[in-house]
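To start, the structure under review is shown below, and the notes come after it.
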Amino acid sequence: MAEVTVTPETFTMVDYDAARIAELVSRVADDIGLPADTQIGVEVDENTPLGASSLASLDPIVIRVESGALEDAKNPRHLSERNVVGLSARLLFRAHDRSTAAFADAPDDADLTSSQSVAWDVYSVGRTARLGYPSQRGRRQYHFRIRHGFNDRTDEVFDRLWSGEGLTWRDIEAACEETAASLQIVS
C-alpha cells in the first residue's frame, strides 16, 4: 500500500481528518496500480476556500490542493470523501502516465495548453469511473466542450478519451488537433 503523508497533520480552519485523507489516497493509488512503495504527499492549504489542485512533484509524488477542492459543498468546512477520491485519482493517473514511456514526451504541467490539460483529465477521469469511483461525466464533458468546441466531432473525441485504455501522449495531442481542426471555418 502506498505511503501517504498529509500536511498539515492537524487541521485548524477546516474539519478535515488527515488520517482519513491518507487512507483514501492510498486506496486510490493501489486501485490505479501504483507500486506499493510509492510515496505520496498531500499538501492542503487550509487558509483558502478556493479549489485549485496540482501535481507538484513526481518523485516523490506531491499533490498540492486548496482546501475548497476537498470540501463538501453541502456541509462547508467539512471533508468530502468523494472529492478526495476524485481529485487524487485524476492526479495520480497523471503521475502514473508520466512514469511510462508512452508519456515521456509530455510537457511539464505548467507548459500544457488548457486544451491538453482538459483532454488528459478526461482520459484520467474516464479510467477513474471504470474503477467504480464517482466521475461526473456530464461535468467533464461540458468542461471539455468549453475548451474544444460544442460540436459532434468534439463529443466523439471526448468519448474516445473517456473510454480510452493504453493511450499515449501522442493520442492526447492528436485528440486536441482533431478538435481544433473541427473548429476551423472554411471560407
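The values are calculated or read from the model by the stated rules, or taken from the named source; none is laboratory data. Fair warning: this is a prediction, and the values are worked out from it, not measured in the lab. All Cβ positions, glycine included, derive from the backbone under ideal geometry; neighbour counts span all protein chains shown. Side chains included, ligands, DNA and RNA excluded: accessible areas come from the protein's heavy atoms. Shrake-Rupley method; radii C 1.70, N 1.55, O 1.52, S 1.80 Å.
Residue-wise test of (1) within 26 Å of residue 62 (Cβ to Cβ); (2) out of contact with any Asp or Glu (no Cβ under 9 Å at 6 or more places or on another chain).
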site	(1), (2)
96	yes, yes
102	yes, no
115	yes, yes
131	yes, no
134	yes, yes
146	no, yes
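Is at least one residue of segment 43-56 open to solvent by less than 40 Å² (accessible area, probe 1.4 Å), farther than 24 Å from residue 126 by Cβ and at pLDDT below 95? Checked segment 43-56: at least one residue is open to solvent by less than 40 Å² (accessible area, probe 1.4 Å), farther than 24 Å from residue 126 by Cβ and at pLDDT below 95. Residues that are open to solvent by 20 Å² or more (accessible area, probe 1.4 Å), at pLDDT 95 or above and either among the acidic types (Asp, Glu) or over 23 Å from residue 129 (Cα atoms) (or both) occur in segment 78-95; there is at least one. Evaluate the following for residue 106: is it part of a helix (DSSP H, G or I) and either at pLDDT 95 or above or among the charged types (D, E, K, R) (or both)? In short, no. Taking the criterion of being among the hydroxyl-bearing types (Ser, Thr, Tyr) and open to solvent by less than 70 Å² (accessible area, probe 1.4 Å), the residues of segment 173-187 that qualify are 179, 182.
Of all residues in segment 156-170, those that are part of a helix (DSSP H, G or I) and touching a residue at least 12 places away in the same chain (Cβ under 8 Å) total 8.
Kindly establish whether residue 119 is assigned to a helix (DSSP H, G or I), open to solvent by less than 10 Å² (accessible area, probe 1.4 Å) and either of a type in the set (Gly, Ala, Ser) or in contact with a helix residue (DSSP H, G or I) (Cβ under 8 Å, 6 or more places away or on another chain) (or both). In short, yes. Among residues of segment 125-145 that are touching a residue at least 60 places away in the same chain (Cβ under 8 Å), none has a Cβ under 9 angstrom from a residue that is surrounded by fewer than 16 Cβ atoms within 10 Å (Cβ to Cβ) and among the aliphatic types (A, V, I, L, M) at a sequence gap of 6+ or on a separate chain.
Among the residues of segment 126-155 satisfying the criterion of being among the small types (Gly, Ala, Ser) and assigned to a loop (DSSP other than H, G, I, E, B), which is least open to solvent (accessible area, probe 1.4 Å)? If we take residues in segment 126-155 being among the small types (Gly, Ala, Ser) and assigned to a loop (DSSP other than H, G, I, E, B), then 149 is least open to solvent (accessible area, probe 1.4 Å).
For the condition open to solvent by 20 Å² or more (accessible area, probe 1.4 Å) and at pLDDT 95 or above, residue 111 qualifies. Does residue 170 satisfy being basic (Lys, Arg), open to solvent by 70 Å² or more (accessible area, probe 1.4 Å), modelled with pLDDT of 95 or more and over 16 Å from the mean Cα position of the chain (by Cα)? For residue 170, the condition - basic (Lys, Arg), open to solvent by 70 Å² or more (accessible area, probe 1.4 Å), modelled with pLDDT of 95 or more and over 16 Å from the mean Cα position of the chain (by Cα) - is met. Can you confirm whether residue 125 is within 23 Å of residue 39 (Cβ to Cβ) and either of a type in the set (Val, Ile, Thr) or at pLDDT below 95 (or both)? Judged against the criteria, residue 125 is not a match.
Kindly indicate whether residue 69 is small (Gly, Ala, Ser) and either surrounded by 14 or more Cβ atoms within 10 Å (Cβ to Cβ) or in contact (Cβ under 8 Å) with a residue 12 or more places away in the chain (or both). Yes, satisfied. Taken over segment 1-39, the criterion of being of a type outside the set (S, T, N, Q), within 20 Å of residue 93 (Cα to Cα) and part of a strand (DSSP E or B) is satisfied by 3, 4, 6.
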